Amino acid sequence: MKMVRFLNKILLGIMLGVTLSLFSVTGTVSAATSDDASDFVMVSEYVPDAILEVRYFTTYNFVGDRIDGYEEPIVLCTKEAAAALRKASDALRAQGYRLKIYDGYRPQMAVDNFVRWAKDLKDTRMKRYFYPDLDKSVLFPQGYIMEKSGHTRGSTFDLTLVYNSSGKDVDMGGRFDFFGELSHPDFVSHLTEEQIANRMILRKAMLDAGFKPLVEEWWHFTLKDEPFPDTYFTFPVNSNSLK
């Protein structure tokens, strides 16, 4: 029995060593970066009737400045994401809606801009609009601002709906980029039945087209089969990047 226990200890040690070795190897694997835009397109080429309201090209965003890397008010994404978005757009148009897109591909330099801003606790110019109920010091620790973004992989969109007949925004019960529970798609206690239904119209169209939602943001959708799940791109948002 002593020999069996001894052999079991040896086996356990070997297994633990293998596990730690695997952990150390996988732990050192980092996401790739690339400036190759050859698989990217302008969303307007696939969804020409979409309204583009590129917030990070303007000063109306949670930072209060134009964000690094947004050099033109256009939306870029992978070809695969654009084709899927066209499906969602076609389905929504049949129901009387058009898409309004706030953001698509987001270069890493923009994410770095967000991180620098989050660490500057004195800059609260846009607090009353985007995080009135939160102290800025919690935005980075609680994950509202992160060092990596799915947008940087090129197959994620931030968007909403407008009525095709009037061009007016559909009431979603909360503004884009609001930091708080009100932005959760299923946060229904402060929403009307109409607002909940509107969120679900957008959600269903995007899911049916092959996207997956984010539990914290009603406007955020990522292509399920994104072509670059481990690559974060660095080229700026401008039409020259695609040439």
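Below is a table of values for the structure above.
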read-out: Those strands (runs of 3 or more DSSP E) lying entirely in the range 128-241 with at least 1 residues open to solvent by 40 Å² or more (accessible area, probe 1.4 Å), closer than 16 Å to Tyr102 by Cβ and in contact with a strand residue (DSSP E or B) (Cβ under 6 Å, 6 or more places away or on another chain); value: 211-214
read-out: Condition broken by Val18, with the remaining ones in (1) β-branched (Val, Ile, Thr); (2) surrounded by fewer than 20 Cβ atoms within 10 Å (Cβ to Cβ); (3) at pLDDT 95 or above satisfied; value: (3)
read-out: Exclusive hit being surrounded by fewer than 23 Cβ atoms within 10 Å (Cβ to Cβ), under 17 Å from Leu207 (Cβ atoms) and touching a Lys or Arg at 6+ places or on another chain (Cβ under 9 Å), set Ala118, Ala83, Ala91; value: Ala91
read-out: Subset of the range 122-165 (residues that are closer than 30 Å to Glu194 by Cα and small (Gly, Ala, Ser)); value: Gly143, Gly150, Ser155, Ser165
read-out: Count - residues of the range 92-116 that are assigned to a helix (DSSP H, G or I) and touching a Ser or Thr at 6+ places or on another chain (Cβ under 6 Å); value: 2
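Results for (1) free of Cβ contacts under 8 Å to residues at least 40 places away in the same chain; (2) in a helix (DSSP H, G or I); (3) not charged (D, E, K, R), shown as yes or no for each residue.
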position: Tyr56; (1), (2), (3): no, yes, yes
position: Asn61; (1), (2), (3): no, no, yes
position: Asp90; (1), (2), (3): yes, yes, no
position: Ala118; (1), (2), (3): yes, yes, yes
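The values are calculated or read from the model by the stated rules, or taken from the named source; none is laboratory data. These numbers were taken from a predicted model, which means no experiment stands behind them. A quick note on method: Cβ atoms are made from the backbone with ideal geometry, for glycine too, and the neighbour counts reach across all protein chains shown. Only protein heavy atoms, including side chains, enter the accessible area calculation; ligands, DNA and RNA are left aside. Shrake-Rupley method; radii C 1.70, N 1.55, O 1.52, S 1.80 Å.
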